[in-house]
Amino acid sequence: MKINKGGPLEKFVRFLFSAATLGFALYGLITGDFRFQYLMLLGLSGVMAITGMDDYERGKKFWSYASFAVAIFCLVVAVQIFFTDYGL
């Protein structure tokens, strides 16, 4: 039984989140300026959520729940960094 890895929209969104995450991570590492770290974590959260949906469709329940947990954790940390850095 062959299982597809999502349609073209899912692949595009995964690529978009992955490219943004990698771009913000490399920017922070090269320049030492981590003010966009929360955006990197938002991108990572999106990638992990898409991975969780993919794994759930494939029947890998444990890894899908683990991916969703990591996505929620990254989202919470990104929101916390945003509110802490900008004093909101």
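What follows is calculated from the coordinates using simple rules that are stated; it is not laboratory data. Just so it is clear, the structure is predicted and the values come from calculations on it, not from any experiment. Neighbour counts run over all protein chains shown; Cβ positions are idealised from the backbone, glycine included.
Using the number of other C-beta atoms within 10 angstrom as an exposure proxy, rank Val13, Val47 with the fewest first.
Listed from fewest to most nearby Cβ atoms, that is Val13, Val47.
So what is the 222 nm mean residue ellipticity for the chain from helices alone, if each DSSP H run of at least 4 adds -39500 (n - 2.57) and you divide by all residues, rounding to the nearest 500 deg cm²/dmol?
Using -39500 (n - 2.57) per qualifying helix, the result is -28500 deg cm²/dmol.
In percent, how large is the relative contact order of the chain, given Cα pairs closer than 8 Å and 6 or more residues apart?
Relative contact order, the chain: 27 percent.
Roughly how many Å is it from the Cα centre of the range 64-88 to that of the range 14-55, as a whole number?
The range 64-88 and the range 14-55 have Cα centres spaced 12 Å from each other.
Viscosity 0.890 mPa s, temperature 25 °C: Stokes-Einstein D of the range 23-72 from its Kirkwood Cα radius, in µm² per second?
So the translational diffusion coefficient is about 211 µm²/s.
Would you mind working out the magnitude of the charge dipole of the chain relative to its Cα centre, with +1 at each Lys and Arg C-beta and -1 at each Asp and Glu C-beta, to the nearest 20 Debye?
My answer is approximately 360 debye.
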